[in-house]
Structures are given as structure tokens and as C-alpha cells.
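Chemist: Pasting a structure here, questions to come.
Just so it is clear, none of the values below were taken in a lab; they were calculated from the coordinates. Please read all numbers here as calculations on a predicted model, not as lab measurements. Glycine also receives a Cβ, built like all others from the backbone with ideal geometry; neighbour counts cover every protein chain displayed.
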Amino acid sequence: MAPVSDWIQRHRIAAFFLLTYAISWGIEGAVKLAGMEPSWTTWFFEGFLSPLSPGVAAAIVLTVSGESVREWLRDILKFRVHPKWYVLAIAIPFVITYASGIASWALGGPVDWSSFEFDPISIVIGIVLGTLLGGGQEELGWRGFAQPELQERYGAFRAAVVIGVLWGGWHLPQFVFPGGMRADWPLALTASYFVGIVAFSILLAWIYNGSGGSAFLAMLMHGTDNSTQGRVPLDLDIALTGNVINWDSLVSMYVSHALITWAIVAIVVAVVGIQLSAGRSGINSAAGQVED
């Protein structure tokens, strides 16, 4: 084991991504090979355990490197940050989602605003579940470990782009495994997804850095983004073919989503620069300190 541990210590970020892919793809591959039908059990493996893989991989790398996982979690799970970061982490995903819905509607997409309902209780529940159980847990590794490791060498913007590309690649089983949740997507939807996830990675890096290195705020933004999915009211007569989603009808919405996300990235970079607030907002400040 010594050669392996030595290699991990010398190549921490490579080890992190290799472990993340191996753990997640191993879990999802095992579910598919076992022929498990969609159920709460498959959700537990694919929807909860698999998204934990970046955090588990980070913990393994830190442990092998002789660092305390407890102290790392204490440092990155900062709750006491300036309220503006909570507002931004929640508001931006909603703005992107509903702006893309408006754009799709304007382009003739299957959006039916007459059926729109605002339900604050379900919104809050969705955000909490998305943050803790529905994808937000990925940010323990993506932003809590990979972002600070990479941006020390390459700067915040380039680090976020690299993570975005590899984060997108991490989702490949959903596109290529038989029965994967995105296996039936047309090319335009698939391309817009991968383009958009890189842009969202940059926004998550900005929230992480700006909040003083709080992976919890990145978890909140990620969870909010996931919870907004399905909140744009669709005209089901167009969006469904029988009981199956007509993915081609949603191309305008997904492409708009990616373009709007990149537009917000452009605004953020214009305001704060390509360092995405790294080094300016106290990323290495003491845990619990409220950032400006």
C-alpha cells in the first residue's frame, strides 16, 4: 500500500478525480448490472451514495495525506457568512430557471404559464432536500476540496472550468448506461447540458470563494438548482408523448438555460474578475467568521 499512498500524496487532485469516478461509476454500474428496477433502493445508491463520492474521495485523499477530515469538514461547512451569499445562492438558480422558461415560451416551447403556481412550502422543502440529499452533497468534494486545490495552481476561473468539465464527465453513466436518466436525450440537449454545467461550476466557485470558502453555500446553490428542475409549468400535451417525455420539445429551454447561465458568468467575471473573489474575501479566515 505504501507506493499507492505515496502516489496519492504526490498527486492529490488526480487521485481525487480517479477515486470519485471509480466510486460513483462502480455504484451505478453495479445497480445496472444487478438489473434493479427504479425504486427507493436504487435512489439510495444512485441518488444519494453516488453523489457522495466526491466527498468520500476527498476524505480518502486527506486521510492518506495525514490531514484531519474532521478539521476539513469544520473549515468548509461554514454557516455564518454574510446573508447576501444565501440570497445569491438561492436566487440565481431560480432566475436562470425561470428566465430560461420565459425564453423557451417566447420561442414557442411547451410552456404554459397559465398553470403556474407559487408554493413556498414545497420550494423550501425542495431546497433543503436538494442541498442535503439531492445532489448538494457533491459539493463537499467539487468545491470543498478540488476548487481550493486547483485554484492555488491555476487560478479560480481555470480551476472552475476544469472541475466543470470533469464534473460533466462524471455524469456520463446517466447518458450511456442502458436505462440511464438522460440516455434518451437528443444531441442538442446533451450538448447544452455539458456546456451549461461548466458555466454553473464557475458560479459555484464564485459562491464558494466569495462566502469565505463555504462549501455549504455551494451545496445550497447546487441543491437549489436541482430543486428548480420541473418548476417551469409545461404544456403536457406537447411535452409528453403518451407517458414519455418528448425531449425534443425541451431543446429551447435547455439551450436557453445554458446560455443564460453563461451570461450570468460574464456579469460575475466583469464585476469581480477571473479570481472569482478568491483571496479577497477571506477564504482562509477562521471558521465561523462572518464575511463581508
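Chemist: If the chain between residue 107 and residue 48 were fully stretched, how many nm would it gain, using 0.36 nm times the residue separation less the Cα-Cα distance?
Modeler: Values: separation 59, 0.36 × 59 = 21.24 nm, distance 3.58 nm.
Result for the pair: 17.7 nm of gain on full extension.
Chemist: Computed FRET efficiency, Cβ-Cβ of residue 245 and residue 266, R0 41 Å: what is it to the nearest 0.05?
Modeler: Efficiency, from the Cβ-Cβ distance: 0.85.
Chemist: I've got another one for you. Provide the descending list of Cα extents for the stretch 208-267 along its principal axes, expressed in whole angstroms.
Modeler: 48, 23, 14
Chemist: For the pair residue 165 and residue 71, how long in nm is the line joining their label points, each one 7 Å along Cα→Cβ?
Modeler: Taking the two extended label points, one gets 3.3 nm.
Chemist: Something else about it: Rounded, prolate or oblate, given the Cα gyration tensor of the stretch 13-150, with a/c below 1.5 counting as rounded? Working shown, then result.
Modeler: On the way: a/c = 2.27, a/b = 1.41, b/c = 1.61.
The shape class here is oblate.
Chemist: Picking from 263, 17, 195, whose Cα lies most toward the positive end of the charge dipole for the chain (charges on Cβ: Lys, Arg +1; Asp, Glu -1)?
Modeler: Checking the options against the dipole of the chain, the answer is 17.
Chemist: Please order 237, 112 by the number of other Cβ within 10 Å, starting at the fewest.
Modeler: Working: 237 9, 112 15.
Result, fewest neighbours first: 237, 112.
Chemist: Mind grabbing the base-10 log of I(q)/I(0) for the stretch 134-292 at q = 0.09, 0.19 Å⁻¹? Debye formula, identical points on the C-alpha positions, no solvent, two decimal places.
Modeler: Listed by q, the Debye log ratios stand at -0.33, -1.20.
Chemist: Test of understanding: ordering 149, 46, 117 by Cβ neighbours within 10 Å, fewest first, what list do you get?
Modeler: On the way: 149 17, 46 23, 117 7.
Lowest count first: 117, 149, 46.
Chemist: Given 0.36 nm per residue, what is the gain on full extension from residue 14 to residue 63 after removing their alpha carbon distance, in nm?
Modeler: On the way: separation 49, 0.36 × 49 = 17.64 nm, distance 1.54 nm.
Gain on stretching residue 14 to residue 63: 16.1 nm.
Chemist: Within the stretch 38-54, which residues have the backbone N less than 18 Å from the label spot 7 Å out from residue 184 along Cα→beta-carbon, could you tell me?
Modeler: 38-39
Chemist: Can you compute the FRET efficiency between residue 95 and residue 2 using 1/(1 + (r/R0)^6), with r the Cβ-Cβ distance and R0 = 51 Å? Round to the nearest 0.05.
Modeler: On the way: r = 51 Å, r/R0 = 1.00.
According to the calculation, E is roughly 0.50.
Chemist: Further, regarding this structure: What is the extension gain from residue 25 to residue 158, computed as 0.36 nm multiplied by their sequence separation minus the C-alpha to C-alpha distance, in nm to one decimal?
Modeler: Values: separation 133, 0.36 × 133 = 47.88 nm, distance 2.55 nm.
Gain on stretching residue 25 to residue 158: 45.3 nm.
Chemist: If you average the C-alpha positions of the stretch 12-35 and of the stretch 150-200 separately, how far apart do those two centres end up, in angstrom?
Modeler: Between the Cα centre of the stretch 12-35 and that of the stretch 150-200, the gap is 16 Å.
Chemist: A further question follows. Once label points are set 7 Å from the Cα along Cα→Cβ at both residue 121 and residue 34, what is their separation, rounded to one decimal in nm?
Modeler: Output for this residue pair reads 3.5 nm.
Chemist: If you don't mind, there's one more thing I want to ask. Shape verdict for the stretch 82-147, please, from the Cα gyration tensor: rounded (a/c under 1.5), prolate (a/b greater than b/c) or oblate.
Modeler: Values: a/c = 2.19, a/b = 1.80, b/c = 1.22.
Since a/c reaches 1.5 and a/b is larger than b/c, the shape of the stretch 82-147 is classed as prolate.
Chemist: Between residue 238 and residue 79, what's the calculated FRET efficiency when r is the beta-carbon distance and R0 is 35 Å? Round to 0.05.
Modeler: Details: r = 43 Å, r/R0 = 1.22.
Rounded to the nearest 0.05, the efficiency is 0.25.
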